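The values are calculated or read from the model by the stated rules, or taken from the named source; none is laboratory data. Please read these numbers as outputs of a predicted model, since none were measured by experiment. Please note: Cβ atoms are built from the backbone with ideal geometry, for glycine as well, and neighbour counts cover all protein chains shown. Each accessible area value is taken on the protein alone, full model and side chains, heavy atoms only, with ligands, DNA and RNA left out. Shrake-Rupley method; radii C 1.70, N 1.55, O 1.52, S 1.80 Å.
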Amino acid sequence: MTERWWTPVVPMNYDDHLGHNIAATACFLGVFMGVGMCLTAVSGWTVTGIFGIYMVLLPLYHIFEYQCVALYNPHRVSMESFMFNPDGGNHYYQAMLVSIAEYIIECWLFSNAKTPGLITLLGLALALCGQLIRSLAMITAKTSFNHLIANRREVDHDLITHGIYKYERHPSYVGFFSWAIGLQLMLKNPLSLVAFAGVLGYFFCRRTSYEERTLVHLFGQQYENYRRRTPTLIPFVNNDMHTPKVPEDPDN
């Protein structure tokens, strides 16, 4: 291929964890946030202003995901740390696009129902709390945190039982669930709220059950003792499960 004057001298594969890819991603997220901040500043506490807040909180989540890994678990940081496609199947993109479409359509059809109020405020508070819980979980765990469930114990993989993990066994999952549900509550999206709660609830129940089995397998009695004294808000997780057998990964 003939080179043009604008042809970059660096590889343009987005999967490569290189400075220009990080900068381009950060720029995109910053512009997205900037537009949201402008919408909120101009429109205030209106349906447009609430969507502006949504446009701030959404990229902020991805920035915190990457930044927490980069600062506290740097040898595992990659472009995937932005968590744009966590399941590898584009379901995250589809879910967010559906929720945005629902908000726009319902604002057009039922504008009065979308007027910001107490429910909007509660949703915003829940989303912010969820973001705080998830980021605290990643910061507290440091090198022991991984976006993928570990089936074997690495040298830097310890069982974290202090900080936020003293009160909740799976704070990163609870944080993400609260963040995602909070956003839909803030937007007053009834359909997306029910769908997100159902799909995420089912996903985290399966994933947590699998992860608990792997942790018993990796840490044995140490994790059994931790699990008995520390609760979790994830429902249907069996606290009396003693078998170290690791089942099939629910993500596969």
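List of remarks:
- Global geometry of the stretch 49-96, whether rounded, prolate or oblate, following the gyration tensor of its Cα atoms and the 1.5 cut on a/c: oblate
- The mean sequence distance of close C-alpha pairs (under 8 Å, at least 6 residues apart), as a share of the length of the stretch 30-95, puts its relative contact order at 22 percent.
- The mean accessible area for residues of the chain, using a 1.4 Å probe and ignoring ligands and nucleic acids, is 56 Å² per residue.
- P(r) histogram, all alpha-carbon pairs of the chain included - 5 Å bins from 0, percent: 1, 6, 11, 15, 17, 15, 13, 9, 7, 4, 2, 1, 0, 0
- For the chain, the mean residue ellipticity at 222 nm estimated from helices alone is -20500 deg cm²/dmol, where every DSSP H run of n ≥ 4 contributes -39500 (n - 2.57) and the total is divided by all residues, rounded to the nearest 500.
- Ranked by how many other beta carbons lie within 10 Å on average, peptides 152-160, 171-179 from highest: 171-179, 152-160
- The stretch 9-141 shape via C-alpha gyration tensor axes, a/c threshold 1.5: prolate
- Mean separation of Cα contacts under 8 Å, 6 or more apart, over the residue count of the chain: relative contact order %: 17
- Cα gyration tensor category, rounded, prolate or oblate, for the stretch 87-224 with a/c compared to 1.5: prolate
- Two-decimal ratio, the stretch 163-239, of alpha-carbon radius of gyration to 2.2 N^0.38 Å: 1.24
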